[in-house]
Amino acid sequence: MKTINDIHFGGKKALIRVDFNVPLNKEFQVTDITRIKAAKPTIIKVLEDGGAAVLMSHLGRPKGVEAKFSLGHIVEKVSEVLGVQAKFVESCVGTDAEEAVAALKPGEVLILENLRFHKEETVGDLAFSEQLSKLGDIYVNDAFGTAHRAHASTTVVAQFFEEKVAGLVMEAELVNAQKVLSDGEKPVTAIMGGAKVSDKLLIIEKLLDVADNIIIGGGMSYTFAKAHGGEIGLSLCEDDKIEYVLELEKKAAAKGVNLIFPVDTLIADDFSNDANTQVVQRGTIPAGWEGLDIGPASSELFAATVKNSKTVLWNGPMGVFEMETFEKGTVAIANAVKEATQNGAFSLIGGGDSASAINNLGFGEDVSYVSTGGGALLEYMEGKVLPGVAAIS
């Protein structure tokens, strides 16, 4: 797969699919610049070559044209991060967009309006893709977070370009995933959290061939506890997966993979930061209570395993970390991953809530790599072909 380092953009206009689906507050100000910062090296490479950058992205899930989802809200923040004043056009296809691109000079940046204002984007419409292709000489896909979607801007548009390459974010995501999947120094530890077992089935199956340890935390752990006859109260559980998780445990044992479960749980009598709480042993949650975080003994157990690892993958929180009362398990994992990295381990943070936790704690620079694409990373690591990657390969 060619990357932007294989191309000189002098005198060219690069049509770059970025992932600027960033959070905005009530005043429509950007509250997290992680994805903008991630795309900066790709954009700057084009500009320093003497090219111009035409940026296209989605923002949110608008139903038609909705002002609150306009990419116009992010222009000043993008300009601030890039150190270049970006221009903006209130369309992403058609005469206005084409004229704005035609007027673009080397060293300049243009942001197109939200792609998802057009339903043709998400259905991968061919005519819409062809319209997009008129807005650049070279196609660059740097939106790994949407690479698992066969949308017009991520996949279909590539067929209209002779030169199509990966941006630096895309390249880094694929390289770092392979560091876990095929090049991981042992012991390899995967930390799986989040709400549902069903969301992580395929990745856990894949990791049975890679990992020495798989830590199971978060809401998904209660399905495993119930499968062994444990009492889980009102905790999350997927009853239709109970037989499956027992089979999964047998597969892990057969392959010599150490599945590590919580030994205690922080439970609450209400889904609230102010709820009454207590710590109980695994599988002993009383009726009317629910598990919302791992307990202190589990935090110590998990952290010790992580600190003794040479390769670490983390995907999913240990509890409802958005509430301060139930963040301790996730914070403990974050600290352990940070310490392991400082001791020479390679650590990959698998996007989504795990990335939010690491970044909110200020540890983004203290781990090896923070993925910008949770769903895309999981699908890639599961062995699926990502349409956005295939289109530029």
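The values are calculated or read from the model by the stated rules, or taken from the named source; none is laboratory data. As the structure is a computational prediction, the values presented were derived from the model and not from experiment. With ideal geometry, Cβ positions are generated from the backbone for all residues, glycine too; neighbour counts draw on all protein chains shown.
Can you name the residue in the range 85-106 that is over 13 Å from Leu135 (Cα atoms) and in contact with a strand residue (DSSP E or B) (Cβ under 7 Å, 6 or more places away or on another chain) and, of all such residues, is surrounded by the fewest Cβ atoms within 10 Å (Cβ to Cβ)? Steps first, answer last, please.
Kept after step one, since they are over 13 Å from Leu135 (Cα atoms), are these residues of the range 85-106: 85-88, 90, 105-106.
When the remaining residues are screened for being in contact with a strand residue (DSSP E or B) (Cβ under 7 Å, 6 or more places away or on another chain), the result is 86-88, 105-106.
Working: Ala86: 21, Lys87: 17, Phe88: 20, Lys105: 6, Pro106: 15.
Among those that are over 13 Å from Leu135 (Cα atoms) and in contact with a strand residue (DSSP E or B) (Cβ under 7 Å, 6 or more places away or on another chain), it is Lys105.
So Thr372 clears everything in (1) modelled with pLDDT of 85 or more; (2) of a type in the set (Ser, Thr, Tyr); (3) buried (at least 21 other Cβ atoms within 10 Å of the Cβ) except one condition, right? Which one?
Result: Thr372 passes all but (1).
Need the failing condition index for Met170 against (1) at pLDDT below 95; (2) within 16 Å of the chain's Cα centre (by Cα); (3) buried (at least 21 other Cβ atoms within 10 Å of the Cβ), just the number.
The number of the failed condition is (1).
Out of everything in the range 227-259 that is in a helix (DSSP H, G or I) and in contact (Cβ under 8 Å) with a residue 24 or more places away in the chain, what residue ends up being surrounded by the fewest Cβ atoms within 10 Å (Cβ to Cβ)? Quick ask: steps written out before the conclusion?
First pass over the range 227-259, keeping only residues in a helix (DSSP H, G or I): 227, 239-254.
With the extra rule that they be in contact (Cβ under 8 Å) with a residue 24 or more places away in the chain, the set shrinks to 241, 244-245, 248-249, 251-252.
Details: Lys241: 19, Tyr244: 15, Val245: 23, Leu248: 22, Glu249: 17, Lys251: 13, Ala252: 18.
Once the filter is applied, the top-ranked residue is Lys251.
Please return the ranges of strands (runs of 3 or more DSSP E) entirely within the range 280-393 where 2 or more residues are among the acidic types (Asp, Glu) and in the same structural domain as Ile216 (by TED's automatic domain parsing).
Numbers: elements: 290-294, 311-315, 346-349.
Result: 290-294.
Return the only residue of Ala100, Ala127, Ala150, Ala158 being among the small types (Gly, Ala, Ser), assigned to a loop (DSSP other than H, G, I, E, B) and assigned by TED's automatic domain parsing to the domain that holds Thr34.
Values: Ala100 fails: assigned to a loop (DSSP other than H, G, I, E, B); Ala127 fails: assigned to a loop (DSSP other than H, G, I, E, B); Ala158 fails: assigned to a loop (DSSP other than H, G, I, E, B).
Only one candidate passes the filter, namely Ala150.
State the number of residues belonging to the range 37-59 that are under 18 Å from Thr154 (Cα atoms), at pLDDT 95 or above and of a type outside the set (S, T, N, Q). Before you say what the answer is, go through the steps one by one.
Pass one, the range 37-59, residues under 18 Å from Thr154 (Cα atoms): 38-39, 42-43, 53-59.
Adding the requirement that they be at pLDDT 95 or above leaves 39, 42-43, 53-59.
If we keep only those that are of a type outside the set (S, T, N, Q) too, we end up with 39, 43, 53-56, 58-59.
Adding up the residues that qualify gives 8.
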